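Here's the structure, in structure tokens; my notes come after.
The values are calculated or read from the model by the stated rules, or taken from the named source; none is laboratory data. As the structure is a computational prediction, the values presented were derived from the model and not from experiment. FYI the Cβ positions are ideal-geometry reconstructions off the backbone, even for glycines, and counts take in every protein chain you see. When the accessible area is computed, the model is the full protein with side chains, heavy atoms only, and any ligands, DNA or RNA have been set aside. Shrake-Rupley method; radii C 1.70, N 1.55, O 1.52, S 1.80 Å.
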Amino acid sequence: MCSSYPALNYKIIAKCSTTRARASVLELPHGPVEAPVFMPVGTQASLKGVLPDQLDRMGCQIMLNNTYHLGLKPGKEILDTIGGAHKLQSWKRNLLTDSGGFQMVSLLKLATITEEGVTFLSPRDGTPMLLTPEHSIELQNTIGSDIMMQLDDVVHTLTEDVRMEEAMYRSIRWLDRCLKAHKNTETQNLFCIIQGGLNKRLREICCKEMMKRDTPGIAIGGLSGGEEKRSFCEIVHTCTGILPESKPRYLMGVGYAEDLVVCVALGMDMFDCVYPTRTARFGNALTRNGILNLRNRRFKTDSSPLDTECQCPCCIPKEKGGWGITRAFLSSLVSKETVGAHLMTIHNTQFQLQLMNDMRTSIIKDCFPQFVKDFFIKWHKGDRSTYPEWAVTALRLVNIDLLED
């Protein structure tokens with residue numbers, strides 16, 4: 001199962017015989033991306049506290065940049081002069097950029113959406129500014145990302161159906177404008193975004209309409225705004241049942257470990273989220289046995305690594321070429337010293353990348369259902385009574401029963 005476009009060749013390597021999980025490869029202008037894949041978020045062309053070479057050594061094949069922030073600083077003119085975001089940040093692998101629309105609506109006051117675009121007040125001097133589909137694509141063409149996202153009409157998942165339907169149809173019309181504005185089809189891919197909130201009928205309509213536009217890849221948006229998880233999973237399941245198998249599927253803004261495992265089972269390939277790096281800065285380490293809050297007093301004299309199974313330099317002992325960082329050392333640093341945030345960010349990013357790689361391996365070996373069960377056992381320290389009901393229900397949709405031996 002494969003598809004081919006000027007700047008993207010997509011091939012499914014293996015499929016789980018029980019669930020909808022797939023292992024695949026996206027051949028992009030800056031190298032291959034093996035999926036399932038988690039994309040760390042370098043909002044302003046930088047993953048906070050991590051050098052591009054460090055991210056590369058972790059095996060990261062694609063990261064996310066933010067169009068809105070890069071449009072403000074350094075700005076289009078400087079990006080044009082430098083030659084794009086890859087050169088700006090000395091990043092030799094792939095980049096994905098969002099459209100900037102989410103930031104317009106979620107971060108800025110008095111944002112108004114019309115058919116023309118999103119009007120907002122400049123964070124610099126308060127003057128009205130307008131982001132249109134054409135402007136978003138122009139900025140992303142300048143950034144030079146390997147995957148660009150269309151500008152969509154972003155509304156909260158729980159918005160009433162009348163406004164949700166308006167946003168869904170407007171997103172389809174805006175995709176048409178984005179496609180017309182896209183100038184670099186030989187070197188950059190434009191993905192559409194499925195909208196429709198928690199309304200299955202709207203999601204089905206949007207899937208079918210977006211599929212007619214034949215973009216190289218398809219994203220599902222509007223599902224990381226705090227909606228009830230059971231409904232969230234039902235929408236993902238509905239969409240993956242309609243979308244073509246021969247194209248990559250990107251679930252936007254999702255990055256909790258349990259969410260990643262469940263949504264790979266439901267048939268998604270690509271994910272991004274600020275959570276792993278943001279929670280690192282607050283002293284929370286992601287491990288196979290759940291989340292460790294390093295601010296807890298019990299870690300102050302703990303000389304063990306964060307996770308004995310982790311391959312990040314923090315967790316590898318010095319005698320094996322790592323840094324040999326202990327929980328006690330991190331406990332004394334977190335939320336106080338920048339080096340603590342740096343080390344925790346490296347660890348959490350490596351955890352996410354390794355989790356995706358382990359899922360991919362299990363799909364290729366066709367033992368993914370057992371991987372899912374083992375993951376939940378470790379994450380919940382063997383206590384099935386703490387398994388979230390939404391996860392149990394969602395996985396049953398794809399023939400995995402977490403409560404069954």
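Using the Cα coordinates of the stretch 215-308, the gyration tensor eigenvalues translate into equivalent-ellipsoid semi-axes of 33, 13, 12 Å, sorted from longest to shortest.
Take 393-400, 345-352, 253-260 and order them by the average number of nearby Cβ atoms within 10 Å per residue, most first; the result is 345-352, 253-260, 393-400. Take every pair of alpha-carbon atoms less than 8 Å apart whose residues are at least six positions apart; their mean separation over the length of the stretch 9-272 yields a relative contact order of 18 percent.
Taking N as the number of residues in the chain, what value does Rg over Cα atoms divided by 2.2 N^0.38 Å take?
On the way: Rg = 20.9 Å, N = 405, 2.2 N^0.38 = 21.5 Å.
So the Cα radius of gyration is 0.97 times the expected 2.2 N^0.38 Å.
The Stokes-Einstein estimate for the stretch 279-365, based on a Kirkwood radius over Cα pairs and taken at 37 °C with 0.692 mPa s viscosity, is a diffusion coefficient of 251 µm²/s. The helix-only estimate of mean residue ellipticity at 222 nm for the chain, built from DSSP H runs of length n ≥ 4 each weighted as -39500 (n - 2.57), is -11500 deg cm²/dmol after division by the residue total.
About its Cα centre, how strong a charge dipole does the stretch 9-272 have in debye, to the nearest 20, once Lys and Arg get +1 and Asp and Glu get -1 at the Cβ?
380 debye
Per residue, how much accessible area does the chain have with a 1.4 Å probe, in Å²? Each step should come with its number before you reach the end.
Numbers: 17010 Å² over 405 residues.
With all protein chains present, the chain gives 42 Å² per residue.
Residues in the stretch 336-344 carry Karplus couplings, in order, of 10, 10, 5, 5, x, 5, 4, 5, 5 Hz; the curve used is 6.51 cos²θ - 1.76 cosθ + 1.60 with θ = phi - 60°, and Gly or Pro positions show x. Averaged over residues, the count of other Cβ atoms within 10 Å places the peptides 173-183, 213-223 in the sequence 213-223, 173-183, highest first. Coupling constants for the stretch 22-34 follow from the phi torsions by the Karplus curve (6.51 cos²θ - 1.76 cosθ + 1.60, θ = phi - 60°), and in residue order they are 9, 10, 8, 10, 9, 8, 10, x, 10, x, x, 10, 8 Hz; glycine and proline get x. Each part gets one Cα centre, and for the stretch 260-320 versus the stretch 360-387 those centres are 17 Å apart.
Provide the packing ranking of 130-139, 196-205, 291-300, i.e. peptides ordered by the mean count of other C-beta atoms within 10 Å per residue, highest first.
Details: 130-139: 21.3, 196-205: 19.2, 291-300: 15.1.
The densest-packed peptide leads the list: 130-139, 196-205, 291-300.
Taking Cα centre as origin and charging only the Cβ of basic (Lys, Arg, +1) and acidic (Asp, Glu, -1) residues, the dipole magnitude of the stretch 145-199 rounds to 240 debye.
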